[in-house]
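S.K.: I'd like to ask some things about the structure below.
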Amino acid sequence: MSEISPSALRGAVDLSSLRNRPASSAEGSPAPNVVDVVVDATDETFGQILELSRTVPVVVDLWAEWCGPCKQLSPIIEKVTRELQGRVLLAKVDVDANPQLAQSFRAQSIPMVVALIAGQPVPMFTGAVPEQQVRDVFAQLLQVAAQNGVTGSLSVAEQGEAPAAPAEPELPPLHAEAFAAIETGDYAAAIRAYEKALAENPRDEDARAGLGQVRLLDRVQGLDLQAARDAAAAAPLDVQAQFDVADLDLSGGHVEDAFARLLDLFAQLPSEERTPVRERLIELFGLVGAADPRVVSARNRLSSLLF
């Protein structure tokens, strides 16, 4: 990623409706105590978080439960934030539950990660990136913050020990192998590990979900969005070209666009050529979740096309 700039998002993000009254503390002074350096931000609470950006950089992680790449990037961002011991606050925003924030940040695709320095937005990531790149960009963020006089730190749970977080359950060996491979960007190795886990236990739903997510990451790796869209527009019945754009749309959060593209393709193809499209749709339904209304709607349309 190129060097981040505080002015890069000027005019693209409108947080004016979310602001509180100006904070009384000076830049660089200690911020009020916080329970944790990782917080869930909502439409109602974001004004307070915005004011904290006058003291420490605030990293805003826009995500959704159905977003596979979000599940790869978010734990890395949280890990790096905690290592900085109060020099950065991480605010996690579920875009489905907080539409005002999603609209304010103009989150056209997720994962989208934006920092705030003294209330001003600074671009960080769009899409999943490796851990080393996350560390490099966080280092740049602290430099930009210092240049703008934001050099404070947060005091975490000073009035008493925060309750211990429940221990994370230990991952099964093949799941741990897959996760380690994902962290290094070796998606092929992660796919093999999840496939082996499913071969050993076909009812392992966590492995099935993980396999779907990492297959998507592997497919979109190296794709150029504009080139893929041009190819799909030039060949409307080219199955692979339409698959590429649908994958990019889904990984970027454009779920309905991805489903509509494949359903339109399914409707136009001869019956003997439809099977791969139906199978890809079912795979993408599994990534988003059977209960999601977008999946329910798309599944109903697929059924009507089948019968």
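Only the coordinates and a few stated rules stand behind these numbers; no lab work does. Bear in mind that the values here come from a model prediction, so they are computed numbers and not experimental data. Cβ sites come from the backbone with ideal geometry, for glycine too, and all protein chains shown count toward neighbours.
S.K.: Can you list, bin by bin at 10 Å, the percent of alpha carbon pairs in the range 169-215, starting at 0?
M.R.: Computed distribution, short to long bins: 33, 60, 7.
S.K.: I need Thr275, Thr55 ordered by Cβ neighbour count within 10 Å, fewest first.
M.R.: Numbers: Thr275 11, Thr55 24.
Taking fewest neighbouring Cβ atoms as first place, the list is Thr275, Thr55.
S.K.: Let me ask something else about it. Modelled label-to-label distance, Val156 and Glu283, 7 Å Cα→beta-carbon offset: nm?
M.R.: Spacing of the two 7 Å Cα→Cβ label points: 3.9 nm.
S.K.: Cα centroid distance between the range 61-84 and the range 193-219, in Å?
M.R.: The distance from the Cα centre of the range 61-84 to that of the range 193-219 comes to 20 Å.
S.K.: Of the listed peptides 45-54, 95-104, what is their order by residue-averaged count of other C-beta atoms within 10 Å, with the highest listed first?
M.R.: Values: 45-54: 20.4, 95-104: 16.7.
Highest-to-lowest ranking by the protection proxy: 45-54, 95-104.
S.K.: I would also like to ask the following. In terms of the Cα gyration tensor, with a ≥ b ≥ c the square roots of its eigenvalues, is the range 16-147 rounded because a/c is under 1.5, prolate because a/b exceeds b/c, or oblate?
M.R.: Values: a/c = 1.72, a/b = 1.18, b/c = 1.46.
Oblate, since a/c reaches 1.5 and b/c is not below a/b.
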